[in-house]
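Chemist: If you scroll down you'll find the structure; I have some questions about it.
The values are calculated or read from the model by the stated rules, or taken from the named source; none is laboratory data. If you're wondering where the values come from, they're calculated on a predicted model, not measured in any experiment. Cβ placement follows ideal geometry from the backbone for every residue including glycine, while neighbour counts extend to all protein chains displayed. Protein only, heavy atoms only, side chains kept; ligands, DNA and RNA dropped before computing areas. Shrake-Rupley method; radii C 1.70, N 1.55, O 1.52, S 1.80 Å.
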Amino acid sequence: MEGANHGLHADVLVIGYGKGGKTVAAKMGRLGKRVVLVERSDRMYGGTCPNVGCVPTKALVHHAGKRRPEDAAQEWYERSVTKVQAVTKMMRDGNYEGLNGMETVTVLTGQAAFVDPHTVAVQAGHERLTVTADTILINTGSEPIIRDIPGLRESQYTVTSTELIETTVLPERLTIIGGGYLGLEFAAIYRRFGSQVTVLEASPKILGRLDDDVAAVARGILTDEGIEIIAGAQVSQVRDGDGGATVFYDKDGHEHSVTADAILAATGRAPVTRDLALEAAGVRTTERGAVEVDAFLRTSQPHIYALGDVNGGPQFTYISLDDSRIVLDQLIGEGKRSTADRVAIPHTLFMTPPLATVGLTEKEARAAGHRVRIASQPVAEIIAMPRAYIVEDPRGVMKFVLDADTDDILGAALLSIDAQELINTVALAMRHGVKAAELRDAVYQHPTSTEAFNDVLATIVRAD
């Protein structure tokens, strides 16, 4: 942008470079539409996933798992972070060039704020540009939440997940506030890198939404790795001292404390909406600050859509991608696709081995009135899965929840090597009505992890 003030008109304006928005921008650009995409940070081209989310964190899982006991922890960690940052830069540059290189797409770097329902002002340093558009997509994502705990925000040792993965200094003592998927994933990563890790979770137990039997196996794996997990811990304050911070917490009516070189605030993420001036556009938000949308991702202004984390839905890149399909169907399709079409969406906690789930748990299925059959087996006992022994990690368990009357697969929890891949097969089977017997009797390549289904689904441990 040259000069002080400029104006552009676009067929489609996208605010935020996340997965959903960039996918719509690329498609509309290829169709010859004039597209403007605004991203507030030159370190976020491509969105959360390739820059500070799934790509760097899963790369750190990989590098942490390769470290041997004889490898110096700090040197290995610093080298790993450097390699991961090189990968994220490559992906970030590729994302930028992929869109900015298109004749029909203009990428602007600056803070966007609505002026009216069809107009956005973009501020980049001292320059201001006004963009008007027929269709506008809000795709600004989410950011880490730091809870209002006395001393936590002020502590020089408090970090968000974004900050932690960019530091090249391995914390000797890492305390994680929050034992959800993010907290446990980071606990597993940094313990394997060599940190002393303590997880403080306010709920009575970790992974409380899972069935107790699966959660117990997962917790056992984490604690066997040397991670200290303290459930029912209510963090009361953080106090900085010489060479570290002390985190105070209450448990069972008594005050305890732990000293840390780094405190990871892992208590959730909030939609990024505060600087968008949504009120000027007449766009409503929810009580939690997310952009309010209908099943077609339309906001209170029908020409404005919200995609990805900012709309308050599940915070996953693949959901953001599906958001783009819904919006594209509105813009150039039949306008029928909606969030109601989503069935059997899997989730994975990338501990080692990973824990992947889809559908209903046993307790949810019973509460919903199903007569259920449970097929469950420890990975170490699955004869048809030698791959677990080949890669030297037979830890974990596989569990399926089946409808006793129809043989439908109601849900599954896979805690095993390759679970992040296996769960996609289960989810696909559920979406297309494949019965448990079909999944059990299918012919799978050998030796693979998928053939574990042959054994597990033949083992009914409970039925009613």
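Chemist: Just checking, which of Ala233, Ala216, Ala188 is open to solvent by 60 Å² or more (accessible area, probe 1.4 Å) and among the hydrophobic types (A, V, I, L, M, F, W, C)?
Modeler: Ala216
Chemist: Given the criteria under 19 Å from Gly21 (Cβ atoms) and not aliphatic (A, V, I, L, M), does Thr119 qualify?
Modeler: yes
Chemist: Now, a different point. Taking Thr160 as meeting all but one of (1) of a type in the set (S, T, N, Q); (2) closer than 30 Å to Met351 by Cβ; (3) touching a helix residue (DSSP H, G or I) at 6+ places or on another chain (Cβ under 6 Å), write down the number of the exception.
Modeler: (3)
Chemist: While we're here: So Ala281 clears everything in (1) modelled with pLDDT of 95 or more; (2) more than 24 Å from Gln123 (Cβ to Cβ) except one condition, right? Which one?
Modeler: (2)
Chemist: Which residue out of Gly47, Gly32 is at positive phi and surrounded by 21 or more Cβ atoms within 10 Å (Cβ to Cβ)?
Modeler: Working: Gly32 fails: surrounded by 21 or more Cβ atoms within 10 Å (Cβ to Cβ).
Of Gly47, Gly32, the one residue that is at positive phi and surrounded by 21 or more Cβ atoms within 10 Å (Cβ to Cβ) is Gly47.
Chemist: Starting from residues that are outside any strand (DSSP E or B) and within 19 Å of Gly282 (Cα to Cα), keep the ones in segment 100-134 and report whichever is least open to solvent (accessible area, probe 1.4 Å).
Modeler: That would be Pro117.
Chemist: Count, please, the residues in segment 381-426 that happen to be surrounded by fewer than 23 Cβ atoms within 10 Å (Cβ to Cβ), over 25 Å from the mean Cα position of the chain (by Cα) and closer than 22 Å to Val61 by Cβ.
Modeler: 7
Chemist: On the given criteria, is Ile177 in contact with a Lys or Arg (Cβ under 7 Å, 6 or more places away or on another chain) and touching a residue at least 40 places away in the same chain (Cβ under 8 Å)?
Modeler: In short, no.
Chemist: If you don't mind, there's one more thing I want to ask. Out of everything in segment 7-27 that is hydrophobic (A, V, I, L, M, F, W, C) and open to solvent by less than 10 Å² (accessible area, probe 1.4 Å), what residue ends up being farthest from Asn139 (Cα to Cα)?
Modeler: Ala10
Chemist: For segment 301-335, which residues satisfy the criterion of being farther than 10 Å from Gly20 by Cβ, small (Gly, Ala, Ser) and within 15 Å of the chain's Cα centre (by Cα)?
Modeler: Result: Gly312, Gly313.
Chemist: Six or more apart or on different chains, Cβ atoms under 6 Å: show the pairs whose first residue is in segment 5-32 and touching a residue at least 40 places away in the same chain (Cβ under 8 Å) and part of a helix (DSSP H, G or I) and whose second is open to solvent by less than 20 Å² (accessible area, probe 1.4 Å) and polar (S, T, N, Q).
Modeler: Lys19/Ser320; Gly20/Asn139; Gly20/Ser320; Gly20/Ser324; Gly21/Asn139; Thr23/Ser324; Val24/Ser324
Chemist: Among the numbered criteria (1) free of Cβ contacts under 8 Å to residues at least 60 places away in the same chain; (2) open to solvent by 10 Å² or more (accessible area, probe 1.4 Å); (3) farther than 22 Å from Thr223 by Cα, which single criterion is violated by Thr361?
Modeler: Thr361 satisfies every listed condition except (1).
Chemist: Please work out if Val84 is over 19 Å from Glu163 (Cα atoms) and surrounded by 13 or more Cβ atoms within 10 Å (Cβ to Cβ).
Modeler: Taking the combined requirement at face value, the residue does not satisfy it.
Chemist: Kindly indicate whether any position in segment 288-298 is of a type in the set (Gly, Ala, Ser), open to solvent by 40 Å² or more (accessible area, probe 1.4 Å) and free of Cβ contacts under 8 Å to residues at least 40 places away in the same chain.
Modeler: no
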